[in-house]
Amino acid sequence: MNAPAPASAWVLERDCAETGLDPEDIRREMLRRIGEMRASIARGLASRAPSITGMVGWNAQGLWEAPDVLNAPLIRRVQAYAMAVNEENARMGRIVAAPTAGSAGTIPGALIGVADHLGIRDERLVDPMILAAGVGKAISRRMFISGAAGGCQAEIGSSAAMAAAAVVELLGGTPRAAVQAASIALMNTIGLVCDPVGGYVEVPCVSRNAFYAVHAVSAAQLALAQLESFIPPDEVLGAMASVGRMMPAALRETAEGGLAQTPTGLAVTARMEGREPEGPGGPGGMVELPMA
Amino acid sequence: MSLLDMIGPVMIGPSSSHTAGACRLGLVAHWLLGEAPRAATIGLHASFAKTGRGHGTHLALVAGLLGHSPDDSRLPQAFAEAERAGLAVEFRDVDLGDVHPNTAHIDLRGERGRVTVQGSSTGGGVILVTQVQGLGVNFSAASPTLLLRYPDAVGMIARVASTVAADGVNIAALTCTREGRGGQALLAIELDAPLSPEALAFFSAWKDTNWVRLLPKLMDG
């Protein structure tokens, strides 16, 4: 019996029919972008330079050089790669948005992390990356992919779903398993708010990419073991879109709620903007700022 | 939207909506002005005004006005680049009403002409241009876009469309708005391929049109 065609083949065929682009051009460009992702991982792991605000910049290298006390080299690699990309992003470095810049670390963290762990060449990442893009496209037709529009569930949720499907295809899973992995990843991201400190793409975005890169690998592992999303993928998307619409503006990238409104968050923001901090983070307050 | 918009763009951080999208909005104004920009007034609405500074939104918009793409490594130095290029930029916080939170209004002047562009950055570096020269439009610059302004008259859309067809180019989408009957009209046509220089020259030579621009495709896909 023939193995079923990979889901990416169908995605590529459909996309080229719609856009009139040549499949080989897309594959070549995807390989180049995988190279760009790799370059951003390498720069991120090599640097401890602070970001624009000074809140992040040393976490990826810190993890990469720390002892692997859990004896979980795959997890450490996936997390370090993801944070390397987002710290590079936060210092105005060059990255590949996937699908956004705030979530740029999740797919390279999961896919390139797994590939490096298993010794898989970049050429074999092209088709999984095309599938990731196809999943992103399918999500963006029904829902939003930006934190401003749908909260972080829409942004990191999309990248985790894309990454999960890609990892399944890389490891030889069926098209059905790839879609199930995406659905499981989304199902377990519903409700996540976008509340970055000061509105900057740094805290919690850098560590969140580390988390959701691992989340994507988890979803792939469940789907490869035949676990299926109890709620069908289309309905999960619908649920997520509806939660996004219910989400108050304060939790959609405006820095008016959640972590952004903590005393530390407010104090850091005030210092960034050259103002005197207000409230408990202000002069005489209790907050010790965790940065240089 | 293509696969390359989902894994991409390759861009300078930190935000696809606040940096790459902002840069593309600047690029729209750059191409529509069609000459070296000398002065710009940029109105920033809601989230662009509130969190733009730490996202490099201001830098990205200016980089776009200078014609630099979102992956151009000069983006973090855009203010210095503008000074070198003789472009003076002024930013204002504005309330543009019930529009997307990431919206900018750009008023760009050159030696000869002036263009106003309003558009939103809707996520992932994708943009939606909603106003050009004060008239409503609705295009994403994901494909080449032809813009013509003329005094409203019978048969103009048909004449323009037949010239585009004669050039062998397919029309993907079209919007036409006008100030009122007989007032200024703006036609925005999204194309599957760029028009030939001859077709463009033909439009520019029409006495009925007073402004013609071909905006190149600004997305990668």
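What follows is calculated from the coordinates using simple rules that are stated; it is not laboratory data. No experiment lies behind these values; they were computed from the predicted model shown. Every residue, glycine among them, receives a Cβ derived from its backbone with ideal geometry; neighbour counts consider all protein chains shown.
Would you order B:His100, B:His30 from fewest to most other beta-carbon atoms within 10 Å of each residue's own beta-carbon? Mind showing how you got there, number by number?
On the way: B:His100 22, B:His30 26.
Ascending number of Cβ neighbours within 10 Å: B:His100, B:His30.
Cut-off is 10 Å between beta-carbons; in what order do A:Trp58, B:Trp211 appear when sorted fewest neighbours first?
Numbers: A:Trp58 14, B:Trp211 17.
Sorted ascending by nearby Cβ count, the order is A:Trp58, B:Trp211.
With +1 on each Lys and Arg Cβ and -1 on each Asp and Glu Cβ, how big is the dipole of the range B:141-221 about its Cα centre, in debye rounded to the nearest 20?
Numbers: 7 positive and 8 negative charges, 55 e Å.
Charge dipole of the range B:141-221: 260 debye, to the nearest 20.
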Exercise for the section: Report the trypsin sites (Lys or Arg not before Pro) located in the range B:90-148 that are in a DSSP loop and have at most 14 other Cβ atoms inside 10 Å of their Cβ, or state none. Expected result: B:Arg112
Exercise for the section: For B:Lys207, go through the lysines and keep the ones whose alpha-carbon is under 30 Å away, minus same-chain ones fewer than eight residues off. Expected result: B:Lys217
Practice task
At q = 0.13, 0.16, 0.18, 0.27 Å⁻¹, what is the base-10 log of I(q)/I(0) for the range B:141-221 according to the Debye formula with one equal point scatterer per Cα and no solvent? Please give it to two decimals.
Solution key: -0.37, -0.55, -0.70, -1.44
Handout entry: Residues of type aspartates and glutamates that A:Lys137 reaches as a straight line, Cα spacing below 16 Å, ignoring anything fewer than 8 places off in the same chain
Key = A:Glu13, A:Asp15, A:Glu18, A:Asp127, A:Glu155, A:Asp234, B:Asp5, B:Asp220
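What does the net charge come to around A:Gly199 if you take all other residues with beta carbon closer than 12 Å to its beta carbon, with K and R at +1 and D and E at -1?
Numbers: positive: A:Arg252, B:Lys50, B:Arg53; negative: A:Asp195, A:Glu202, A:Glu253, A:Glu256, A:Glu273.
So the surrounding residues net to -2.
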Problem - Ranked by how many other beta carbons lie within 10 Å on average, peptides A:153-161, A:73-81 from highest - result: A:153-161, A:73-81
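So what are the range B:1-132's ellipsoid semi-axes, whole angstrom, largest first, if each one is the square root of 5 times an eigenvalue of the alpha-carbon gyration tensor? Please list the in-between numbers first.
Details: eigenvalues 81, 57, 39 Å².
So the equivalent ellipsoid measures 20, 17, 14 Å along its semi-axes.
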Exercise for the section: Quick one: among A:Arg28, A:Arg43, A:Arg252, which has the greatest mean-square fluctuation in a GNM of chain A with alpha-carbon springs under 10 angstrom? Expected result: A:Arg28
Handout entry: Degrees, to the nearest 10: A:175-187 long Cα axis against longest axis of chain A
Key = 20 degrees
Handout entry: Nearest 10 degrees, 0 to 90: helix A:73-90 Cα axis against chain A principal axis
Key = 60 degrees
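Report the charge-dipole magnitude of chain A in Debye, nearest 20, computed about the Cα centre from +1 at each Lys and Arg Cβ and -1 at each Asp and Glu Cβ. Display every interim value, and only then the final one.
Details: 23 positive and 29 negative charges, 40 e Å.
Using Cβ point charges on Lys, Arg, Asp and Glu, chain A gives about 200 debye.
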Exercise for the section: Give the order of B:Thr130, B:Thr19, B:Thr145, A:Thr106 when sorted by the count of other beta carbons within 10 angstrom, beginning with the fewest. Expected result: B:Thr130, B:Thr145, B:Thr19, A:Thr106
Problem - chymotrypsin sites (Phe, Trp or Tyr not before Pro) restricted to the range A:171-277 and DSSP loop, no more than 10 other C-beta within 10 Å - result: A:Phe230
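Would you calculate, for the protein assembly as shown, the mean residue ellipticity at 222 nm contributed by helices, counting each DSSP H stretch of 4 or more residues as -39,500 (n - 2.57) and dividing by all residues, to the nearest 500? The partial results should precede the final answer.
Numbers: 19 runs with 229 residues, N = 513.
Roughly -14000 deg cm²/dmol at 222 nm, from the helical runs in the protein assembly as shown.
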Fill in the blank from the handout: For the range A:88-188, listing trypsin sites (Lys or Arg not before Pro) in a DSSP loop whose Cβ sees at most 10 other Cβ atoms within 10 Å gives A:Arg121
